[in-house]
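Please read the structure below before turning to the comments.
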Amino acid sequence: MRSSLTLVGTLWAFLSLGTAVASSTSYFLPYWLFGSQLGKPVSFSTFRRCNYPVRGEGHSLIMVEECGRYASFRAIPSLAWQMCTVVTGAGCALLLLVALAAVLGCCMEGLISRMMGRCMGAAQFVGGLLISSGCALYPLGWNSPEIMQTCGNVSNQFQLGPLLSQSSLSACSNPLEHTLSGSHPPGSSVEQCTCRLGWAYYCAGGAAAAAMLICTWLSCFAGRNPKPVMLAESIMRNTNSYAMELDHCLKP
């Protein structure tokens, strides 16, 4: 089975598949932002979150410890996160489409030419640019009430609040335990806790950068140029077929 890709093209195909899977997985996982609410750890993506408050008996708030997406598109906390959901999703879909075609090119002869590979690289650049734009839009939603409640009411656009040490983050997640043990500073509270970016956010941004810079460059050398002999044979074959059809039509 002859491939339509060069050796560099094979590397490009598998790297394209890796960046597409990494960005798409990061897009669906709710680990873009970590915070704390009512003594429980909370995490967000653009359209999903883990652990959320509901009203229990006596109108008291209790935390439901489960992950899920928002009930509707309008329920996403901010307009910036709604835009981020659409833009990032479109970029991931484009990268997956190109990666699928690139992998098929490893198994099918003549599927990807040199020019086709460069066009696919341009599509990867656009996909990576869309995901990068989504990552840039994400901090614009940090001033929404839902995020501010999770981040100790100190977050704002492009600002999550002062940096905390790992012990401080642990204290935010388990305030009662640290208060009883005496390790929680006097007078401090959960309201003083803040948020931090999660690994999925960095993974999505890194995959987008790899698609834009590395995959786009490799795509320029991915496809094989058609051989002149094969091109001439193809032209002659098509010409003969057309001549036979024309001769058949002209016969009485």
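The values are calculated or read from the model by the stated rules, or taken from the named source; none is laboratory data. Keep in mind that what you see is a predicted model, and the values were worked out from it rather than measured. Here Cβ is always computed from backbone atoms with ideal geometry, including for glycine, and neighbour counts include all displayed protein chains. Surface accessibility is based on the protein's heavy atoms, side chains included, excluding ligands, DNA and RNA. Shrake-Rupley method; radii C 1.70, N 1.55, O 1.52, S 1.80 Å.
Considering only protein heavy atoms and a 1.4 Å probe, what is the carbon-and-sulfur percentage of the accessible area of segment 35-95?
The nonpolar share, carbon plus sulfur, comes to 58 percent.
Rg to Rh for segment 102-141: what is it, with Cα atoms only and Rh by Kirkwood?
1.25
Assuming 1.306 mPa s and 10 °C, estimate D for segment 1-122 with Stokes-Einstein, Rh taken as the Kirkwood radius over Cα pairs, in µm²/s.
93 µm²/s
Which of the peptides 63-69, 197-203, 36-42 is most tightly packed, and how do the rest follow, judged by the mean count of other Cβ atoms within 10 Å per residue?
36-42, 197-203, 63-69
With viscosity set to 0.692 mPa s and temperature to 37 °C, compute the Stokes-Einstein D of segment 1-66, Rh being the Kirkwood radius across alpha carbon pairs; µm²/s, no decimals.
It diffuses with D of about 217 µm²/s by this estimate.
Using every alpha carbon pair in segment 36-89, what percent of pairs falls into each 10 Å bin from 0 up to the bin containing the largest distance?
23, 46, 25, 5, 0
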